[in-house]
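K.L.:
This is the structure I have questions about; it appears just below.
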Amino acid sequence: MARVQQVKQQNKKSAVNNKPNTAKSKAELAKTNPKREASKNEILFFRLGISIIALTLITVAIIFTIRYFMNEDEEEVIYEDLIHITTDDLKYLTYDDGSGVYGDFAHFNGLTDKEDIANVINTNNLIYVYFYRSSAINEEIQALIEALDLDGKAFLLLDLDKNADVFELAEKGDFTLDNTRDNMFLIFNVEEQTFQLELRVVDIVREINKL
């Protein structure tokens, strides 16, 4: 029994002695395998990649910023290809200067910026004026007008938002504009010297369909 105890004690000693050796070997291994530092080329490629990503993000941000402000500044032009008139134009188109005849068409003759108006009013017996608000476009009427062939016809437009003073115009023909309406349609028969003013959208659509 004594011999067995001696063997066990020797085994314990050798087991205890092995632990420091294991720890020591791990420390030595760590020293012999230090962490590898990145090479100059690797650092260069890393910096280059970061620079490309940053440049791309900046470029995208600039593009979106420019597009945003361009869209903010752009103003949609309604009925761009048609003839627009002002309150002053309406006055000379329809008022009676005391001669007993509505309309002073001679006013437009020789005016370089009114040539398009002069051409159509002097070659047509019927003059049409569509009153609308650019802030409240009626899409049904817009689609109808844009589908028509109005070339050569005296079809004129007046934006009520840009010509709010038209409701105060006293020198005009025998018709009364309604400032509560967003759409009105005036038909001036030059030969008969009569005015027909439509206020309801359904009536405006009916008359425009006759063109």
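Condition check ((1) of a type in the set (Val, Ile, Thr); (2) under 31 Å from the mean Cα position of the chain (by Cα)) across all residues:
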site	(1), (2)
121	yes, no
125	no, no
135	no, yes
159	no, yes
187	yes, no
201	yes, yes
204	yes, yes
210	no, no
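K.L.:
On to the next question. Looking for something free of Cβ contacts under 8 Å to residues at least 40 places away in the same chain and out of contact with any Gly (no Cβ under 9 Å at 6 or more places or on another chain) - is there at least one such residue anywhere in segment 182-192? Walk me through it before giving the result.
P.N.:
Residues of segment 182-192 that are free of Cβ contacts under 8 Å to residues at least 40 places away in the same chain, as a first pass: 192.
Next, from what is left, pick out any that are out of contact with any Gly (no Cβ under 9 Å at 6 or more places or on another chain): 192.
Yes; the residues of segment 182-192 include at least one that is free of Cβ contacts under 8 Å to residues at least 40 places away in the same chain and out of contact with any Gly (no Cβ under 9 Å at 6 or more places or on another chain).
Since every read-out is calculated from the coordinates, none of them should be taken as a lab result. Here the structure is a predicted model, which means the values were calculated and not measured. Here Cβ is always computed from backbone atoms with ideal geometry, including for glycine, and neighbour counts include all displayed protein chains.
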